[in-house]
Amino acid sequence: MRRVVLFGYRGTGKSAVGSVLARELGVPFLDTDALIEKQAGRPIPEIFLDEGEARFRERERDAIASLPERDCVIATGGGVVMDPQNMEHLRKESACVLLTADPATIGRRLAQAPRPALTTLPPKAEIAEMLARRRPAYTAAADFCVDTSRTTSHAAARRVLELLGHGSTSDAARTTALQWFAQTPLPAPEREQLEAQLTGPGHDPQTRFLGVAGWPSGHSRSPHLFNALFARYRLTCHYTRFAAPSIGPIMKTARAIDAKGLSITIPFKQDVMAHLDEIDDAAQEIGAVNTVVFACGTAYGWNTDWLGIRKPLTGHTGSRAVLLGAGGVAAAAAYALVDLGMEVTILNRTPEKARALAERCGCRHGGWDDFDRIKPDLVVNATSIGMQPDTHSPLRDDQLKKEMTVFDLVYTPPVTPLLAAAQKAGCTTISGTETFVYQAQEQFRLFFGIEVPDTTLREILA
């Protein structure tokens, strides 16, 4: 039997629901807090008091690493989700269920069974603060969700059993979704794989679906990367392509099959924001979303592009940067460059678009012809010029000087016409593959709570 792991904040009923669930399934029940207390020989409040939270988390990590990988139900402590190493262990071949409850219910339950304080705040304020702080980690931990606010532990356990046996979507919804995919340009081999996972004989109802949403999306290497990661980390997931001329039908289909998440690419990074329930502060400021996480009926929007752009530039000595383009990716690039303290000028063939983005980000702006006047140390191409099958470069060869660093955010092909010309001119070059690696690393953490080494991502993409 696949292992069942219960996540959630303290007071959501993990131990009570887990013990009932284990009895129903006829497997052992393991509570990580109880294991820690047994190994330490004293209760958790004493561990917190005498050793501090850091030492408690070490004990927790050791206890989780020792858990059996099959045939059991596990109730976890409320903070385990904050440690990627814990999530790597707990997600392996597991059905992950997030138990939730409203803050008032949690407060009443904790008043009856006090736990060590996690902050210096009053109890009610602490619950609100910790739920907000941990929300991204809880959504990453959620394959399925059960609200225990107004139900008994037995009823909640029955709901978990229903989800394990039938999934969170109906057969009719899966069939309708498959009909929608049949009208999209999904390659035949990928369509066959998707059909087998969605409605094929013996399909696993616990499989979670993710995909890249774009028009077109055939150039994306995300399906190859993510499906390889699922195999490596032993996750019951499948990654496909959601391709349509508008984002509305994509989001409707994703919600219909209770998708786990979407990677958003051109041209939907701005359009998708109208279809989301909550958007991260950085994504709001950038004005673009490239990552959608679905959990407990809510669609959360994030932007990991800016981190993928920032990380390869850490330690870059040039302070004068030119950013080519004014779309969604350019907005993320501007956010990253400003965050690095650079003097940024945004150039676009439509100067009005450059001006609008520059005013929003606190940058300078100009037309394409202003490039030579600026004499930048760093050039970042955030246009799609040079993306296969385009063979053009956004700049003339004579505009590239050997003292420049040229960063092309286009990653197909790995060496774009711009990068080839820059290398010929003696420039330092950074491939868009670097951005793809780091933004995908952050995306995977948002999807599953697991931090993949960049070396692993490069190995798969090589």
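The values are calculated or read from the model by the stated rules, or taken from the named source; none is laboratory data. Fair warning: this is a prediction, and the values are worked out from it, not measured in the lab. Cβ coordinates were reconstructed from backbone atoms using ideal geometry, including for glycine residues, and neighbour counts include every protein chain displayed. These accessible areas exclude ligands, DNA and RNA; they are computed on the full protein's heavy atoms, side chains included. Shrake-Rupley method; radii C 1.70, N 1.55, O 1.52, S 1.80 Å.
Remind me, relative contact order of region 114-210 in percent, using alpha carbon pairs under 8 angstrom and six or more residues apart?
Dividing the mean separation by the residue count of region 114-210 yields 24 percent.
Using the rule -39500 (n - 2.57) for each DSSP H run of four or more residues, divided by the residues of the chain, the 222 nm mean residue ellipticity is -14000 deg cm²/dmol. Counting only residues at least eight positions apart within a chain, or on another chain, the aspartates and glutamates with an alpha carbon under 12 Å from that of K260 are D143. The 1.4 Å probe gives accessible areas that order R70, R10, R2, R320, largest first, as R70, R320, R2, R10. For region 328-462, what does the alpha-carbon gyration tensor say about shape, rounded, prolate or oblate, given a ≥ b ≥ c as the root eigenvalues, a/c under 1.5 as rounded, and a/b over b/c as prolate? The shape class here is oblate. Think of region 32-164 as a dipole: +1 on every Lys or Arg Cβ, -1 on every Asp or Glu Cβ, centred on the Cα centre; then among P45, G77, T100, T100 lies furthest on the positive end.
Checking the table K311/K375; K252/K311; K14/K269; K375/K424 against a 26 Å threshold on Cα-Cα, which pairs fail? Beyond 26 Å between Cα atoms: K252/K311; K14/K269.
Protein heavy-atom surface of the chain, 1.4 angstrom probe: 51% of the accessible area is carbon and sulfur, with nucleic acids and ligands not counted. The charge dipole of region 117-240, taken about its Cα centre with unit charges on the Cβ of Lys, Arg, Asp and Glu (plus for the first two, minus for the last two), comes to roughly 360 debye. Charge dipole of the chain (Cα centre as origin; +1 on each Lys and Arg Cβ, -1 on each Asp and Glu Cβ, all else neutral): 460 debye, rounded to the nearest 20. Take every pair of alpha-carbon atoms less than 8 Å apart whose residues are at least six positions apart; their mean separation over the length of region 404-457 yields a relative contact order of 31 percent. Per residue, the accessible area of region 273-320 comes to 40 Å² when a 1.4 Å probe rolls over the protein heavy atoms.
Averaged over its residues, region 33-172 has an accessible area of 48 Å² per residue, based on protein heavy atoms and a 1.4 Å probe.
Ordered from highest to lowest accessible area with the whole protein assembly present and a 1.4 Å probe, K311, K424, K92, K353 read as K424, K353, K311, K92. Rolled with a 1.4 Å probe across the full set of protein chains, the surface gives D147 an accessible area near 90 Å². With K and R counted +1 and D and E -1, the other residues having a Cβ less than 10 Å from that of V212 yield a net charge of +2. Using Cα pairs under 8 angstrom and six or more residues apart, how large is the relative contact order of the chain, in percent? Rounded, it is 12 percent for the chain. Taking all protein chains together and rolling a 1.4 Å probe, D454 ends up with roughly 50 Å² accessible.
Does region 300-388 come out rounded, prolate or oblate by the C-alpha gyration tensor, with a ≥ b ≥ c the root eigenvalues, rounded set by a/c under 1.5 and, if not, prolate when a/b is larger than b/c and oblate if not? Rounded. Taking a ≥ b ≥ c as the square roots of the eigenvalues of the Cα gyration tensor, an a/c ratio of 1.5 or more together with a/b no larger than b/c marks region 96-138 as oblate. To the nearest 10, the accessible area of E442 is 30 Å² with a 1.4 Å probe. The structure shown yields semi-axes √(5λ) of the Cα gyration tensor in Å, and of the options (1) 43, 26, 19; (2) 73, 28, 20; (3) 44, 25, 23 that calculated value carries the label (1). Among the GluC sites (Glu not before Pro) within region 13-112, those in coil by DSSP and having at most 13 neighbouring Cβ atoms inside 10 Å are E69, E93. Dipole check for region 288-369: with +1 at the C-beta of Lys and Arg, -1 at the C-beta of Asp and Glu, and the Cα centre as origin, the magnitude is about 40 Debye. Secondary structure note: in the chain, about 15% of the DSSP beta bridges are antiparallel. Close amide-amide hydrogen proximity is noted between L409 and N381, each under 5 Å apart and 5 or more residues distant or on a separate chain (H modeled in the peptide plane; Pro and chain starts excluded).
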